[in-house]
Every structure is written in C-alpha cells, then in structure tokens.
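Trainee: Below: one structure in structure tokens.
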Amino acid sequence: MRLSIVRGGGLAGVARRTELQSDALPEDAARTLEAHASAGVLPAAADPSSPSPDEMLYEVCVERTEGTTTARYTDATLPEEVRALIAWADGRPERTDALEG
C-alpha cells in the first residue's frame, strides 16, 4: 500500500508531496497504516473548488492492489481522522517528501 499526501496553497503557494510505502515500514507501523485506510479514513470530501484565499488544499490518496482511493479537502473540510493520518505520516522517518513542480 502507498499513502500519498499533496499539500498546496497557503501563503507561499508551494505544493509538497509526502509518500509512505507500507513495505518500507516496520510490521506494527504497516498494520497501523492499514488500519487507518481500512477504517474508511478517507470519507467523502467536500468540493474544494472554491477555497478561501490562502487556504491550504490537501489531496490524500491510498493506493492498494484492489484500487485507489483519493479525496480532496481544504483546511475547513479536512476531517480530524484524516488530519490525524497526515500527522502520523509526517512523523514517520520512512516517509519521502518532495516539492511538486
């Protein structure tokens, strides 16, 4: 499984991608990632087509062999469980970060 988080907007307008591969994680962390994804941590997102100026935008994608789930949010529509998943992924040393071009 692969978790991909793209954040953009805000004052700087810079987009950043964070990725986390379950096969790069210790077994317990891979189970935690799977639990987040299996618990339906990506609920239906509100349409972020008209965010407020300088509001952050988020695209969260979970890729599995069964398929891909993608949801888009703004700061205002980001659910707490997705915010927690993002914070958890940001805390993992196995993650990769890159600026989006």
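The values are calculated or read from the model by the stated rules, or taken from the named source; none is laboratory data. Everything numeric in this text was worked out from a predicted model, so none of it was measured. We work out accessible area using only protein heavy atoms, side chains counted, and drop any ligands, DNA or RNA first. Shrake-Rupley method; radii C 1.70, N 1.55, O 1.52, S 1.80 Å.
Trainee: Taking 0.36 nm per residue of sequence separation and subtracting the Cα-Cα distance, how much length would be gained by fully extending the chain between E66 and A84, in nm to one decimal? List each step's numbers first, then the result.
Mentor: Details: separation 18, 0.36 × 18 = 6.48 nm, distance 2.40 nm.
That works out to 4.1 nm of additional length.
Trainee: Separate question: Can you send over the carbon and sulfur percentage of the accessible area for segment 53-101, probe radius 1.4 Å, protein chains only? Let's see the in-between values first.
Mentor: Values: 1480 of 2930 Å².
So the carbon and sulfur contribution to the accessible surface is 51 percent.
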